[in-house]
Amino acid sequence: VQPAPVGIGSSADCGGDVKEAATGGDDAVAEARERAALEAFQAGEALLGTGDANAAVPCFMRAASALPGWPDAWLRLGVCLHHLRRYEQACSAMRHGLELCAWEELPAILTYMDTLRELGRLSDVLAAAERVPAASPFGHFAALLAGWAAHALSGAAAGEHWFARAVAAEPENVLYAYLRSRAAAGDGPCDFTPPVELAEAFEDDQVLAQLHRAQHHLDVPGLRAVNDKVSLHRLLEASGPGNERFWPRGYILPGDLDRAVAEEEEVVGGLRGSGLPCWVRKSRNGMGGLGVSAHASVASAASGPVEAPSEQQRGQEEESLLQVYVQPPVLLEGRRFSLRTFLVLYAGAPAEGGLTVYVAREALALMASQPLSSGSGEEGGEPLSMHVTNQSAAQQAAPEESLTRDVAALQDSDLAGWPGGVGALWAEVERVAAGLLAASRATILEPTGEFQAERTVLVPKVLGVDVLLSAETAGQPARAWLLEVNRHPSLGERYACARRVKRRVVADAWRLLWQHGGSSGAAAWPSECGCLRRVG
């Protein structure tokens, strides 16, 4: 999640606000409250800076409790809850903070609007937008969010009013110009004229930054269901047979703990001699490699004692996903790796079902920071860094190493245990994408509050789909497995290969829309465009 930044000072310069909030009472008591609030706030800032929003929440709660009249504490608490996708609570905290500061923190209003958007509270998004002056530096962004809300709530004409305001603020913004033209056209042909030299336009960092605003702030709230690992598991389990061929066997803890223990021998009994972990436990909202652990047994993976927790304990513990460790893994340079592949969604598309989806034949191989070695399945044995393939985690563990590879540059012989070489990858990736789409299409398009997907603005949405490969063995063919879906994949370009792949996907996604999405029916959506192949 990448909410708009909240406009509050750093922990180093918020002392004045703290003193204003600590009014009344004995001076010594007030000073102690100030000190406690500031210390808690600074601790929360440090944790949030590392990406650990879950650990930061109690810090900001302590700060807000010590000084209930301090807006910054409430606003930062809201940001943490937004990161954790606890949107109702985030809205409550943010609104309270904004009321305390008389709605003067304009960037905080944007984050509040973005959180309301997740809940489909479109009328509230529009009301909040009215509090942001059009002439302010944040007016164009408020107009963007309001245009999305108005379009979905009342139709294209209502959205066009707000998008026109955004264009007035940033006349050279390609995204705003497109959105205004699309809304003005209603159900008719869109007269937007894209940049003449598209390839050159997508080399322009400013153009790319403008288009990325649609990626993060104009998508469909129903995508939360595939981004959350626990809800994704429930979706795939409920969709019927066939998903076991691309989704590893799993259990939701703590509720499924008894069943996991009872079925453990049947499920992983044949894997124990491999020297690799048998299980991986994942936090439902973990990001950046956080909240992942590898285990030799269900007992070691389960939180608390080996025996099943009480019903009261189960109600208090946040759900997580326990899955079979995919093995034997295909290795790249002796390391476990995952493929970061990409899906491009067009919600509200004028095609059957209201959702058109493409998979990109471009991908990155993200390698673990340490080579895989035998014996790593023992508790307390080899480090987790040889199992986790998250790019952010790898960069932190081995900042001097380049652990990202362009799949297009790999040789067939690079993939140890994978028959058919690189060319065989795409059929497997498309099989996984088709299965994911079949299971999740209806949920993605479900109404959320006042939001109806069929009335949303038409923009491409890029999802990161991470895939693991299991090697061919006696009695088991090589296969691709869905690892997770990332609603907001990093579009950062630290490596040259990442720049090439990500820009190609984004460019083809917009090119497809601008060149083919203006007409209606199936003719608007060809079977392929650049690196994109239509699925479903």
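The values are calculated or read from the model by the stated rules, or taken from the named source; none is laboratory data. Not measured: the values here are computed from a predicted model. We place every Cβ from the backbone using ideal geometry, glycine too, and count neighbours over all the protein chains shown.
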Out of the range 71-90, which residues are among the basic types (Lys, Arg) and either assigned to a helix (DSSP H, G or I) or free of Cβ contacts under 8 Å to residues at least 40 places away in the same chain (or both)?
Arg76, Arg86
Which residue, of Ala55, Ala93, is touching a Phe, Trp or Tyr at 6+ places or on another chain (Cβ under 6 Å) and either among the basic types (Lys, Arg) or part of a helix (DSSP H, G or I) (or both)?
Ala93
Report yes if Arg234 is within 21 Å of Glu319 (Cα to Cα), charged (D, E, K, R), part of a helix (DSSP H, G or I) and without any contact (Cβ under 8 Å) to a residue 12 or more places away in the chain, otherwise no.
no
Out of Ala225, Ala299, which single residue is over 19 Å from the mean Cα position of the chain (by Cα) and assigned to a helix (DSSP H, G or I)?
Ala299
Output the residue which, of all residues in the range 367-382 that are surrounded by fewer than 21 Cβ atoms within 10 Å (Cβ to Cβ) and under 14 Å from His295 (Cβ atoms), is modelled with the highest pLDDT.
Glu382
Kindly provide the set of residues from the range 239-248 that are exposed (fewer than 14 other Cβ atoms within 10 Å of the Cβ) and touching a residue at least 12 places away in the same chain (Cβ under 8 Å), ordered by number.
Gly242, Arg245
Kindly check whether there is at least one residue in the range 184-207 that is surrounded by 20 or more Cβ atoms within 10 Å (Cβ to Cβ), outside any loop (DSSP other than H, G, I, E, B), in contact (Cβ under 8 Å) with a residue 40 or more places away in the chain and of a type outside the set (D, E, K, R).
no
